[in-house]
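In what follows, a single structure is set out as C-alpha cells and then discussed.
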Amino acid sequence: MLEWTLRKLSTLHPASLLLFSYLVTIAAGIGLLMLPAATVSGSISFIDALFTATSAVCVTGLIVVDTGSYFSHFGQGVILALIQLGGLGIMTISVTLFQLIGKRVFFQHRMAMQEVFSHTPREDIYYLLRSIFVFTATVELAGAMLLFFHWWRSYPVGKALYLSLFHSVSAFCNAGFSLFANSFIDEGGSVLLNVTICTLIVLGGLGFPVVYELYRRTADKQQRSRRFSVQFKTVLMTTGLLIILGTIVLLITEEKMLQSAGFGERFMTAVFQSITCRTAGFNTVDIGGLNSASLAFMMFLMYFGASPGSCGGGVKTTTLAVLTAFSWSRLKDRARVNMFQKSIPQETVVKSVSVVLLSIAIILVALFLILFLDPAHGSGALGHQRYLSILFETVSAFGTVGLSMGATANLNEIGKFIIVVVMIIGRVGVPTFAYIIAGPPPRKGLEYAEENVMIG
C-alpha cells in the first residue's frame with residue numbers, strides 16, 4: 001500500500017505535490033487537535049480545529065481561540081509540531097526522512113525542493129537540505145537559551161524552558177503563535193526579548209537560499225572570490241529598507257501612542273512592529289488601537305511579507321524589488337530590467353506582475369465574500385470599521401503574518417473557512433496555486449495581427 005501510494009505521488013507535478021503535502025498535514029493536525037486530550041475542555045469544533053491547524057501549518061498565527069488557555073500541553077505540542085513542519089516545509093522533511101530510511105527520492109520530490117529552496121538549478125540540493133536542518137536547530141536552540149534568561153526569574157525552570165522553546169520555534173518559523181493571551185504586550189519593555197525575537201524573525205524570513213549562500217562563502221575558500229548572487233543582494237537590500245522604512249513610519253504615525261515612553265523604548269517598539277509585520281505576527285502594542293495610517297502601512301508590509309525559500313509567506317520581497325526595478329526601467333525608457341549590473345529575465349518580470357495582480361484579486365474576492373456572507377458585516381460607521389478590520393485580517397492571512405485587529409474570532413464558519421483558503425494560498429504561493437487551478441501554460445499559443453489599445 002505504501003509503495004503504491006508513493007508511486008502515485010511520484011506522478012504528481014511538484015506544485016500539486018506541494019499543496020497535497022500541506023493538505024495532508026492539515027488533516028492530520030485537525031484529527032489530533034480534536035482529540036479530548038488536546039483541549040482543556042475536552043472538545044473543539046471542527047471549524048476551529050481546521051482554522052488552528054491551517055494557521056499553524058501555514059505559519060500564520062491567526063487564532064480563533066487562545067492558544068495558551070484553550071489547549072492543553074498536548075494540544076500546544078501538536079501546534080508546535082505543525083509550526084515546525086510548516087516552517088521547514090513538509091516536502092523538506094519528507095525528502096530527508098526518505099534519505100534516512102534508505103527510500104528512493106522521486107524526481108518530483110526533488111523538483112518540489114528545487115522550486116522552494118533554489119532560484120537556479122543546483123546539484124547539491126541534498127546538502128542544502130541538511131544545512132537547513134542544522135541551521136534551523138542551531139538558531140532555534142540559541143533563541144530558546146536567550147529567551148530562557150528572560151523568563152527564568154519569573155517562572156519555574158520547567159515552565160521557563162517550555163515558554164522559551166515554544167516562542168523560539170514560533171518566532172523563527174515566523175508563525176506568531178504565543179502562549180500569552182496578549183502576545184508580548186506585557187513584555188514590550190524587555191530589550192533581551194525584543195532583540196531575540198526580532199533576530200529570530202529576520203533569520204527565518206531571509207530565506208534559506210540566502211543563508212546557505214552566506215554559509216558557503218564563509219566555509220569554502222573557493223567561494224569567497226565569487227560575487228554574491230542578485231538574489232542574495234536583493235533580499236538583504238529590500239529587507240533592510242523595509243525594516244528601516246517601517247520603523248520611521250510607525251515612529252511618525254504613532255507618536256501620540258508612544259509619547260509616554262522614552263525614545264529608546266519608542267524606537268524599540270517601532271522596530272519590533274516593523275519586523276513582525278513582515279510575516280511573524282507577534283506584537284508589543286495593541287493592534288486595534290493603532291491609527292488608520294499605521295494600519296495601512298502595516299498592510300503594505302504584510303502583503304509583501306518575507307523572502308523566497310523562507311518560513312514566511314506573502315508576495316515576497318524579491319517581487320517588490322523586481323517591480324520597482326521594472327517601473328524605474330520604464331521611466332528611463334529602457335528595454336530591459338537591470339539589477340546589480342545584471343539583466344532580469346523577461347519571464348521573471350512578467351511573473352512578478354502576474355503574482356501581484358492575482359494576489360490582489362484573491363484578497364479582494366476574499367474580502368467581498370466575507371463581508372457579503374457574514375450577516376454581522378453591518379452598515380454605516382460600524383460597517384466601515386468592520387471593513388477595515390476584515391481587510392486587515394485578510395491581508396494578514398495572505399501574508400501568513402497573524403497580526404489581528406480582533407475580528408477573526410468573531411467571523412462565522414464561512415468567514416473562517418475563507419480565511420483558511422487564503423492562508424493556504426499565501427503559504428504555497430500564488431504561482432503554485434495558479435498552476436494547480438489553470439494547468440501549465442501553453443508553450444505556443446495562437447498569434448494574431450497586432451492592434452493597439454489606449455492605456456492610462
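Summary table
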{"read-out": "Segment 318-334: number of residues that are of a type in the set (Gly, Ala, Ser) and in contact with a Ser or Thr (Cβ under 8 Å, 6 or more places away or on another chain)", "value": "1"}
{"read-out": "Filter result for the condition that a residue is aromatic (Phe, Trp, Tyr), more than 18 Å from residue 58 (Cα to Cα) and not in a helix (DSSP H, G or I), over 162, 155", "value": "155"}
{"read-out": "Condition check for residue 300: aromatic (Phe, Trp, Tyr), part of a helix (DSSP H, G or I) and open to solvent by less than 20 Å² (accessible area, probe 1.4 Å)", "value": "no"}
{"read-out": "Which listed residue, of 169, 191, is within 24 Å of residue 74 (Cβ to Cβ) and in contact (Cβ under 8 Å) with a residue 24 or more places away in the chain", "value": "169"}
{"read-out": "Residue that is farthest from the chain's Cα centre (by Cα) [pool: residues in segment 408-434 that are crowded, with 21+ Cβ neighbours inside 10 Å and outside any helix (DSSP H, G or I)]", "value": "411"}
{"read-out": "Pick from segment 165-188, criterion in a helix (DSSP H, G or I) and of a type in the set (Ser, Thr, Tyr), ranking: farthest from the chain's Cα centre (by Cα)", "value": "168"}
{"read-out": "Close pairs from segment 407-436: first under 17 Å from residue 25 (Cα atoms), partner open to solvent by 50 Å² or more (accessible area, probe 1.4 Å) and modelled with pLDDT under 90, Cβ under 7 Å, at least 6 apart", "value": "425/433"}
{"read-out": "Residues being open to solvent by 10 Å² or more (accessible area, probe 1.4 Å) and modelled with pLDDT under 85 - total across segment 266-290", "value": "3"}
{"read-out": "Enumeration of residues in segment 215-260 that are assigned to a helix (DSSP H, G or I), among the charged types (D, E, K, R) and modelled with pLDDT under 80", "value": "216, 217, 221"}
{"read-out": "Qualifying residue in segment 388-407 (condition: open to solvent by 50 Å² or more (accessible area, probe 1.4 Å), in a helix (DSSP H, G or I) and either modelled with pLDDT under 90 or of a type in the set (Phe, Trp, Tyr) (or both))", "value": "no"}
{"read-out": "Residue ID - most open to solvent (accessible area, probe 1.4 Å), chosen from residues in segment 99-152 that are assigned to a helix (DSSP H, G or I), modelled with pLDDT under 60 and of a type in the set (A, V, I, L, M)", "value": "100"}
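Residue-by-condition table, conditions (1) touching a Lys or Arg at 6+ places or on another chain (Cβ under 9 Å); (2) modelled with pLDDT of 95 or more; (3) not hydrophobic (A, V, I, L, M, F, W, C); (4) not in a loop (DSSP other than H, G, I, E, B):
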site: 22; (1), (2), (3), (4): yes, no, yes, yes
site: 56; (1), (2), (3), (4): no, no, no, yes
site: 60; (1), (2), (3), (4): yes, no, yes, no
site: 84; (1), (2), (3), (4): no, no, yes, yes
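Table: residues versus (1) modelled with pLDDT under 90; (2) touching a helix residue (DSSP H, G or I) at 6+ places or on another chain (Cβ under 8 Å); (3) under 21 Å from residue 209 (Cα atoms); (4) not in a helix (DSSP H, G or I).
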{"residue": "325", "(1), (2), (3), (4)": "no, no, no, no"}
{"residue": "330", "(1), (2), (3), (4)": "yes, no, no, no"}
{"residue": "348", "(1), (2), (3), (4)": "yes, yes, yes, no"}
{"residue": "361", "(1), (2), (3), (4)": "no, no, no, no"}
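The values are calculated or read from the model by the stated rules, or taken from the named source; none is laboratory data. What you are looking at is a predicted structure, and each value in this text was computed from that prediction instead of being measured. Backbone-built Cβ (ideal geometry, glycine too); neighbour counts: all protein chains shown. What goes into the accessible areas is simple: the full protein's heavy atoms, side chains included, and nothing from ligands, DNA or RNA. Shrake-Rupley method; radii C 1.70, N 1.55, O 1.52, S 1.80 Å.
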